[in-house]
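Student: Encoded as structure tokens, here's the structure I'll be asking about.
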Amino acid sequence: MNLIFLGAPGSGKGTQAVRLAEQIDVLHLSTGDLLRAAVKQGTDLGRKAEKFMKAGELVPDDILIDLIEEKQNAGDLNSGFILDGFPRTIPQAEALDAMFERAGTGIDKAVLLDVDDEEIIKRLSGRMYCSECQAGYNYPANMPKVEGVCDRCGGKLVRRPDDEPEVVKNRLDVYKKQTQPIEDYYRKQSVLLPIPGVGTPDDIFDRIRKGLDVA
Ligand SMILES: [Zn+2]
């Protein structure tokens, strides 16, 4: 089975993708892992990618596509795969399709973990810690009894700057502009499988398995 996993930051996509890959015994491919492996192995593509990474720039689409094509040509994708974190844009999705067409294969399903904005913002900004004793709290699994107050010492709970709701909203906006259009791209190809991303991780995993009709 050849799958793509889509979902906003905080949708739980990464966790579910790793778990499913193990369950159905296919390769889990995240672009981060692909890049790190290529850099470590010192391949031509790895060296090219490293230049951008060291400069703090985004690695260009063609290098990412070439990295996936290298895996394809080596036969590493023959038993199925889950692409996690790629594609993120329409041009990337088109380039990926062209590459798979050259290889005589394609995507079976694009699994979309569907979580509404309010819940995403709650999840991403729900990471807090105590300004006095540093105890950590997390929405929804581990919330303080009284909002904003540490259970242990009564200290004030604070967020890291990256987790502030305004910053989180901004990350979500970037996702919507760049990545949400590819949901429509896969919907038009009739391969989009939307899965409600609410409830426990086990609930969500069961929905994915049912949706894909795998044991
Ligand atoms: Zn405390």
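Student: Can you tell me which of (1) more than 16 Å from the ligand (Cβ to nearest atom); (2) surrounded by 14 or more Cβ atoms within 10 Å (Cβ to Cβ); (3) under 23 Å from Pro196 (Cβ atoms) is the one Asp173 doesn't meet?
Tutor: Among (1) more than 16 Å from the ligand (Cβ to nearest atom); (2) surrounded by 14 or more Cβ atoms within 10 Å (Cβ to Cβ); (3) under 23 Å from Pro196 (Cβ atoms), Asp173 violates only (2).
Residues checked against (1) within 22 Å of Gln16 (Cα to Cα); (2) assigned to a helix (DSSP H, G or I); (3) of a type outside the set (A, V, I, L, M):
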| site | (1), (2), (3) |
| --- | --- |
| Val168 | yes, yes, no |
| Arg171 | yes, yes, yes |
| Tyr186 | yes, yes, yes |
| Leu193 | yes, no, no |
| Arg207 | yes, yes, yes |
| Gly211 | yes, yes, yes |
| Val214 | yes, no, no |
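Student: A follow-up question, please. Could we say that Arg159 is in contact (Cβ under 8 Å) with a residue 24 or more places away in the chain and either within 16 Å of the ligand (Cβ to nearest atom) or farther than 30 Å from Ile65 by Cβ (or both) here?
Tutor: Working: in contact (Cβ under 8 Å) with a residue 24 or more places away in the chain: yes; either within 16 Å of the ligand (Cβ to nearest atom) or farther than 30 Å from Ile65 by Cβ (or both): yes.
The answer is yes for Arg159.
Student: Turning to a different aspect of this structure: Determine whether segment 144-154 contains at least one residue that is in a loop (DSSP other than H, G, I, E, B), away from the ligand (no atom under 12 Å from the Cβ) and either surrounded by 13 or more Cβ atoms within 10 Å (Cβ to Cβ) or aromatic (Phe, Trp, Tyr) (or both).
Tutor: For segment 144-154, residues in a loop (DSSP other than H, G, I, E, B), away from the ligand (no atom under 12 Å from the Cβ) and either surrounded by 13 or more Cβ atoms within 10 Å (Cβ to Cβ) or aromatic (Phe, Trp, Tyr) (or both): absent.
Student: Follow-up question, since we're still on this one. Against the definition (among the charged types (D, E, K, R), under 25 Å from Gln16 (Cβ atoms) and either open to solvent by less than 60 Å² (accessible area, probe 1.4 Å) or in a helix (DSSP H, G or I) (or both)), how does Arg36 come out, yes or no? Write out each step before concluding.
Tutor: Working: among the charged types (D, E, K, R): yes; under 25 Å from Gln16 (Cβ atoms): yes; either open to solvent by less than 60 Å² (accessible area, probe 1.4 Å) or in a helix (DSSP H, G or I) (or both): yes.
Considered against the rule, which asks whether it is among the charged types (D, E, K, R), under 25 Å from Gln16 (Cβ atoms) and either open to solvent by less than 60 Å² (accessible area, probe 1.4 Å) or in a helix (DSSP H, G or I) (or both), Arg36 comes out as yes.
Student: Moving on to the next point. Find the residue count for segment 181-193, including only residues that are open to solvent by 70 Å² or more (accessible area, probe 1.4 Å), within 15 Å of Val111 (Cβ to Cβ) and not basic (Lys, Arg). Reasoning before the result, please.
Tutor: So the first thing to find is which residues in segment 181-193 are open to solvent by 70 Å² or more (accessible area, probe 1.4 Å), and the list is 184, 187-190.
Those left that are additionally within 15 Å of Val111 (Cβ to Cβ): 187, 189-190.
Of the ones still in play, those that are also not basic (Lys, Arg) are 189-190.
Of the residues in segment 181-193, 2 are open to solvent by 70 Å² or more (accessible area, probe 1.4 Å), within 15 Å of Val111 (Cβ to Cβ) and not basic (Lys, Arg).
Student: Only residues that are in a helix (DSSP H, G or I) and open to solvent by less than 30 Å² (accessible area, probe 1.4 Å): list them for segment 15-33, please. Break it down stepwise before answering.
Tutor: Within segment 15-33, the first condition is being in a helix (DSSP H, G or I), and the residues that meet it are 15-24, 31-33.
If the condition is that a residue be in a helix (DSSP H, G or I) and open to solvent by less than 30 Å² (accessible area, probe 1.4 Å), then Gln16, Ala17, Leu20, Ala21, Thr31, Gly32 are the ones that fit.
Student: Please count how many residues of segment 155-165 are open to solvent by 60 Å² or more (accessible area, probe 1.4 Å), modelled with pLDDT under 90 and charged (D, E, K, R).
Tutor: Number satisfying all stated conditions: 3.
The values are calculated or read from the model by the stated rules, or taken from the named source; none is laboratory data. Predicted, not measured: the structure shown is a model, and the values here were computed from it. Every residue, glycine as well, gets a Cβ built from its backbone with ideal geometry; the counts of neighbours run over all protein chains shown. The accessibility values were calculated without ligands, DNA or RNA, using every heavy atom of the protein model including side chains. Shrake-Rupley method; radii C 1.70, N 1.55, O 1.52, S 1.80 Å.
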